[in-house]
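Asks: Below are the structure tokens for one structure; questions will follow.
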């Protein structure tokens, strides 16, 4: 039983994993905002130096790169490089009617790897830790796309 | 009545809103191109300094960041952070068979907020204006993903 | 005959083209990783300068921008600006039940243009070559979104 309905357990897993991935991506945008507020800096636009309600005492160095903010931006960028292809690959995987267990491992696996990647990034773990979680997440996406490609070509 | 067909009014709203969001994202890429032509600079690659038909008089400072171009690039980057999760969240929302009115508000609402965000960015409005439209757009996306997650988990 | 199943030839073309586009996007991430290993530099995070198994002799200049790595990053960024809207536009196009030939031209055309764009970028061709492939790829995406918009609005 396949198809894009919640009666299909593979699609249901996709909806759960993809919703979490979307919410995580939005959360990254708000982490950048939160850190700009905390640092009162790391802004990007000249107009952000105007005296306004949220910036009562503007200073030129508010436009300088701020380490605290830049880390959140790098995390957001990394998410933006990984999550859109996952969202598409998951949908393509559903169309290829894979075993439910494979969908659960690869889709929940991707989300879990990205949560661990974010924790490693936030807590400034060694590069190898971050790279491992990034690589495992990317392999989940690549596996799903490869399977969908194989099924569509050989069908 | 649900499903991914144009007979489903929720999906039809999604196709209209998502098409507009895709076209806006492509338009941002061309805005960057247009501004590089206007500024005759803001290029990124060393090879762009070669003497060619479109660059008859190359100058080294064509690789320097150009404010006019950088603004368009920041707008494009912001769109790239927001629109892919919207495109996915909208599809997930369709799968959750929401009320038609909710789909219309959240999907057309997202597109409207992003158009207003772009106008605020182009016309260099105060940070608060831009931030308001960004936040409202991101909340549309987050609401749809949260609803889809809830429906898929409790189904 | 339409719908999101592999029995629909338009959807089958989409699954093949979208899988390839996803795999190319993932490949770009690994090209950045490979070039960081080759250059032993171009890192982004202060913690990447720790002495670890993969970085036995850290040097401060490993955080400096590295041309070899930066080219791969610009390619990845360009892919991230173009492929997510393509993945969405293709799906919207399927929903609009276009002629099979149109789907084949626009979907395989997008993938072909992006492969040629990557070759032009890697081999540092003149700007005009890169710009041509970028533009043709973006027009594939825009055409599909415009058609889907038209069909959904007039249905």
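Asks: Can you name the condition, by its number, that residue C:115 falls short on among (1) under 14 Å from the mean Cα position of the chain (by Cα); (2) free of Cβ contacts under 8 Å to residues at least 60 places away in the same chain; (3) surrounded by fewer than 16 Cβ atoms within 10 Å (Cβ to Cβ)?
Replies: If we test residue C:115 against (1) under 14 Å from the mean Cα position of the chain (by Cα); (2) free of Cβ contacts under 8 Å to residues at least 60 places away in the same chain; (3) surrounded by fewer than 16 Cβ atoms within 10 Å (Cβ to Cβ), just (2) comes out false.
Asks: Name the helices (runs of 4 or more DSSP H) wholly inside region B:1-116 in which the number of residues that are closer than 20 Å to residue C:144 by Cα is 3 or more.
Replies: B:9-39, B:67-95
Asks: Let me ask you something else. Within region C:119-139, count every residue that is farther than 16 Å from residue C:75 by Cβ, in a helix (DSSP H, G or I) and at the interface with chain B (Cβ under 10 Å from one of its Cβ atoms).
Replies: Here the count works out to 3.
Asks: Of these, B:80, B:90, which one is buried (at least 24 other Cβ atoms within 10 Å of the Cβ) and either touching a helix residue (DSSP H, G or I) at 6+ places or on another chain (Cβ under 6 Å) or modelled with pLDDT of 95 or more (or both)? Spell out the reasoning first.
Replies: On the way: B:80 fails: buried (at least 24 other Cβ atoms within 10 Å of the Cβ).
Exactly one residue qualifies, and that residue is B:90.
Asks: For residues that are crowded, with 17+ Cβ neighbours inside 10 Å and within 18 Å of the chain's Cα centre (by Cα), tally how many sit in region A:93-106.
Replies: Counting residues in region A:93-106 that are crowded, with 17+ Cβ neighbours inside 10 Å and within 18 Å of the chain's Cα centre (by Cα) gives 1.
Asks: Being in contact with a strand residue (DSSP E or B) (Cβ under 6 Å, 6 or more places away or on another chain), modelled with pLDDT of 95 or more, over 22 Å from residue A:3 (Cβ atoms) and within 12 Å of chain C (Cβ to nearest Cβ) is the requirement here; does residue A:67 meet it?
Replies: no
Asks: Do we find that residue A:95 is at pLDDT 95 or above and within 21 Å of residue C:18 (Cα to Cα) in this structure?
Replies: yes
Asks: Sticking with this one: Just wondering, is there one or more residues in region A:8-26 that are surrounded by fewer than 18 Cβ atoms within 10 Å (Cβ to Cβ), more than 10 Å from chain B (Cβ to nearest Cβ) and more than 30 Å from residue B:153 (Cβ to Cβ)?
Replies: no
Asks: Going through region B:140-149 one residue at a time, which ones are more than 8 Å from chain A (Cβ to nearest Cβ) and either in a loop (DSSP other than H, G, I, E, B) or without any contact (Cβ under 8 Å) to a residue 40 or more places away in the chain (or both)?
Replies: Answer for region B:140-149, where residues must be more than 8 Å from chain A (Cβ to nearest Cβ) and either in a loop (DSSP other than H, G, I, E, B) or without any contact (Cβ under 8 Å) to a residue 40 or more places away in the chain (or both): just B:143.
Asks: Still on this model: Going residue by residue through region C:68-77, is there one that turns out to be over 18 Å from residue C:116 (Cα atoms) and surrounded by 15 or more Cβ atoms within 10 Å (Cβ to Cβ)?
Replies: Checked against the condition, which is being over 18 Å from residue C:116 (Cα atoms) and surrounded by 15 or more Cβ atoms within 10 Å (Cβ to Cβ), region C:68-77 yields at least one hit.
Asks: Which residue pairs have Cβ atoms under 7 Å apart, sit 6 or more places apart or on different chains, and have a first residue in region C:82-96 that is over 15 Å from residue A:91 (Cα atoms) and facing chain A (nearest Cβ under 8 Å) and a second that is outside any loop (DSSP other than H, G, I, E, B) and at pLDDT below 95?
Replies: Within 7 Å, no pair qualifies.
Asks: Is it the case that some residue within region C:50-63 is closer than 30 Å to residue B:32 by Cα and within 18 Å of the chain's Cα centre (by Cα)? Give the steps one after another, and end with the answer.
Replies: If we filter region C:50-63 for residues that are closer than 30 Å to residue B:32 by Cα, which is where we start, we get C:63.
Checking which are within 18 Å of the chain's Cα centre (by Cα) leaves us with none.
For region C:50-63, residues closer than 30 Å to residue B:32 by Cα and within 18 Å of the chain's Cα centre (by Cα): absent.
Asks: Which pairs do you get when a residue that is within 22 Å of residue B:75 (Cα to Cα), found in region A:38-62, comes within reach of a residue that is assigned to a strand (DSSP E or B), reach meaning Cβ atoms under 9 angstrom, with the pair 6+ apart or on two chains?
Replies: The qualifying pairs are A:40/A:55; A:43/A:55; A:48/A:55; A:49/A:55; A:62/A:55.
Asks: Right, something else. I'm trying to understand the selection: among the residues of region C:29-44, which are more than 8 Å from chain A (Cβ to nearest Cβ) and either buried (at least 18 other Cβ atoms within 10 Å of the Cβ) or under 18 Å from the mean Cα position of the chain (by Cα) (or both)?
Replies: Hits for region C:29-44 are C:31, C:32, C:34, C:35, C:36, C:41, C:42.
The values are calculated or read from the model by the stated rules, or taken from the named source; none is laboratory data. Remember, predicted model here, so these are calculated numbers, not experimental data. No Cβ is skipped: glycine too gets one built from the backbone with ideal geometry, and neighbour counts run over all protein chains shown.
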